[in-house]
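Shown next, in structure tokens, is the structure this report addresses.
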Amino acid sequence: MPRPTPAQITYGTLTVVFSTLAMLLLSQTSSGIGIAVIAAAALGLGLLVAMTVPQPQPAASPAARVAPAARTADERVPVQRAAAPAPVLAESVREPAGP
């Protein structure tokens, strides 16, 4: 498992602190059990936020960034062409013969 980035730690910590304060102020609880439930909920929320912060993508190696060399005439990839559509046979139209 990769180590958490500083951004993940920061977002998680701020989420725990602010959500704890908000829940304590909104619930106005004073019991020990209520405070413990709020603290556990804030920790869970902070963990969820920290894990959903996107991880930075590793940089591509220098060899992968080099553009491929141009192909020579001998190395050209054949292009597949679509087959020509089948000819549509028109129904013969009979016209009355002239007088």
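Counting only protein heavy atoms and a 1.4 Å probe, tell me what percentage of segment 1-60's accessible area is made up of carbon and sulfur. Summing carbon and sulfur atoms, their accessible area is 75 percent of the total for segment 1-60. For the peptides 32-42, 11-21, 47-57, the ranking by mean Cβ contacts within 10 Å, running from highest to lowest, is 11-21, 32-42, 47-57.
The values are calculated or read from the model by the stated rules, or taken from the named source; none is laboratory data. Bear in mind the structure is a predicted one, so any value in this text is a computation, not a measurement. Positions of Cβ are generated from backbone atoms using ideal geometry, with glycine treated the same way; all protein chains shown enter the neighbour counts. To get the accessible areas, we keep the full protein, side chains included, count just its heavy atoms, and leave off ligands, DNA and RNA. Shrake-Rupley method; radii C 1.70, N 1.55, O 1.52, S 1.80 Å.
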